[in-house]
Amino acid sequence: MPQSLPTAPILLIQTAFIGDVILATALLERLHQTEPATPVDVLVRRGNEGLLQGHPHVRRVLIWDKKAGKYSGLWRLLQQIRATGYGRVYNLQRFASTGLLTAFSAAPERVGFDKNPLSRAFTRRVPHGFAPGLHEVGRNLALLEPQPEGPLTRPRLYPTPADEAAAAQAARDAAGGPYICIAPTSVWFTKQFPREQWVKLLHALPAHYTVFLLGGPPDTAECEALLQQARRPGVVNLSGQLSLLASAALMRGAVLNFVNDSAPMHLASAVDAPTCAVFCSTVPYFGFGPLSSFSRIVELPEELECRPCGLHGYRNCPLGHFHCAHGIRTSQLLLALAEAEKWAVQAAGR
């Protein structure tokens, strides 16, 4: 019998932030379910490639180093993409730079959102917008299938054995007891639960919990300041000490992970770690909420005319009061913990 021709590879483009790359992994899961023999490459910005290290559904990771000559790097990437001979390119972004890579990729199928400035050169343009109950993952999956059927495919990450070992080593600080993780920072000020609010939570948490503070190297100073201000026994600052995948592995074993509307929330979703997401200036309606089997969202109980003030947040509260964060009560977070504890008992009994 004649051998079938190899399937042309697929390229996924997502060169935005860490959380965006994590959410894009849902497409890797869906493609593996529907066409497991098709090779899939992913283009990310430098610094995010570690998320896909050892990923079983990724053939190759392409890296765009935006700091080392943005436009020269873009030209080299375009040449590499054209030489590879992709059959399909899926662009998850709405920026002209990635639109250029898609439009001139030479791929027979070029798919992206209609809000991309170069979308007229795509072979299929997908409407992009917000709708009640529509998650960003659902928006992205519409690039693969105009009307995705069945339950939402979750993003998924695959910590390597080295990541698992690093997480297990860190967890030993809990001496075999239960632990909680807190990722207290965000790139945006108005997305970040204030330090004094985290201090209140640390003081209110039951004493038998070890608490791990998580974050990257840029977050270490803030985590250390939180640790010093709280002065609660059993708080360990792991910020800057674990890779993203090792942090995800540690979060998976926590009774609960307290996070902002930021990358650690998506990190927890990708390993199905129990999550309590604190939304300050942003709202779940935008479609970036947690997707774990156990997840709770904590936000200001009352409505504010100024909330949401933006999609991504600001460096300062535009009105100066930041009530969307300071008005959240510690009891709301403790209720999420109580529910997580019950959920864990029920899950262990299944």
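Rule-based calculations on the coordinates, nothing more; no lab input. Because the structure is a prediction, the values reported are computed rather than measured. Counting neighbours? That spans all protein chains shown, and the Cβs are built from the backbone with ideal geometry, glycine included.
Between the C-alpha center of the range 231-275 and that of the range 183-208 there is a gap of 13 Å.
Between L62 and V42, L43, V44, the built amide H atoms are under 5 Å apart, and every one of these is 5 or more places off in sequence or on another chain. Compared with the dominant Cα axis of the chain, that is its longest principal axis, helix 330-349 is turned about 70°.
From the helices alone, meaning DSSP H stretches of at least four residues, give me the mean residue ellipticity at 222 nm for the chain, per-run term -39500 (n - 2.57), in deg cm²/dmol to the nearest 500.
Values: 11 runs with 118 residues, N = 350.
The helix-only estimate for the chain comes to -10000 deg cm²/dmol at 222 nm.
Residues considered: F130, F258, F212. Largest GNM mean-square fluctuation over the chain, using C-alpha springs under 10 Å, is found at F130. Between 0 and 90 degrees, the angle of helix 195-204 with respect to the longest Cα principal axis of the chain falls at about 60 degrees. Shape descriptor for the range 97-180: Rg over Rh equals 1.22 (Cα atoms; Rh from the Kirkwood inverse mean 1/r). Toward the positive end of the charge dipole of the chain, with +1 on the Cβ of Lys and Arg and -1 on the Cβ of Asp and Glu, the farthest Cα among H128, L11, L304 is that of L11.
Would you grab the residues whose amide H sits under 5 Å from the one on D261? Only those 5+ places off in sequence or on another chain, please, with H modelled 1.01 Å from N. Here V278, C280 satisfy the definition.
A simple charge model with +1 on the Cβ of Lys and Arg, -1 on the Cβ of Asp and Glu and nothing else charged puts the dipole of the chain at about 800 debye relative to its Cα centre. Axis of helix 18-34 versus longest Cα principal axis of the chain: the two differ by about 50°, to the nearest ten degrees. Sequence-ordered 3J(HN,Hα) estimates for the range 277-285 from the Karplus curve with 6.51, -1.76 and 1.60 and θ = phi - 60° stand at 9, 9, 9, 9, 7, 9, 9, x, 4 Hz, glycine and proline given as x. For the range 87-128, evaluate the Debye formula with one uniform point scatterer on each Cα (no solvent term) and list log10 I(q)/I(0) at q = 0.18, 0.20, 0.33 Å⁻¹, rounded to two decimals. The calculated log intensity ratios at q = 0.18, 0.20, 0.33 Å⁻¹ are -0.34, -0.43, -1.21. The shape of the range 118-225 comes out prolate: with a ≥ b ≥ c from the C-alpha gyration tensor, a/c is at least 1.5 and a/b beats b/c. The phi torsions of the range 39-56, fed into the Karplus equation with coefficients 6.51, -1.76 and 1.60 and a -60° offset, translate into couplings of x, 10, 10, 10, 9, 10, 7, 4, x, 9, 5, x, 4, 9, 4, x, 5, x Hz, rounded to whole numbers, with Gly and Pro shown as x.
Between T7 and A225, the simple spin-label model (points 7 angstrom out along Cα→Cβ) gives 5.0 nm.
Shown for the range 261-350 is the translational diffusion coefficient from the Stokes-Einstein equation, using the Kirkwood radius over Cα pairs, a temperature of 25 °C and a viscosity of 0.890 mPa s: 173 µm²/s. With θ taken as phi - 60° and the Karplus curve 6.51 cos²θ - 1.76 cosθ + 1.60 applied, the whole-hertz 3J(HN,Hα) list for the range 302-313 is 9, 7, 10, 4, 8, 10, x, 9, x, 6, 10, x Hz, x standing for glycine and proline.
Under the rule that an exposed site lies in a DSSP loop and has at most 16 other Cβ atoms within 10 Å, name the longest stretch of the chain with no GluC sites (Glu not before Pro) of that kind, not counting the sites themselves. Walk me through the numbers on the way to the answer.
On the way: sites that count: E149, E302, E303, E305.
The longest uninterrupted stretch comes out as 150-301.
Remark on V126: its backbone amide H falls under 5 Å from those of G112, F113, D114, a criterion applied only to residues 5 or more positions apart or on other chains, H modelled at 1.01 Å from N. Computed over all pairs of different Cα atoms, the Kirkwood value for the hydrodynamic radius of the chain is 21.3 Å.
Tell me the net charge near D41. Cut-off is 13 Å between Cβ atoms, D41 excluded, with +1 for each Lys or Arg and -1 for each Asp or Glu.
On the way: positive: R59, R60, R88; negative: E49.
Spelling it out: positives minus negatives among the neighbours equals +2.
For a test of the definition: using alpha carbon positions, the gyration tensor, and the 1.5 limit on a/c, classify the range 10-141 as rounded, prolate or oblate. Rounded.
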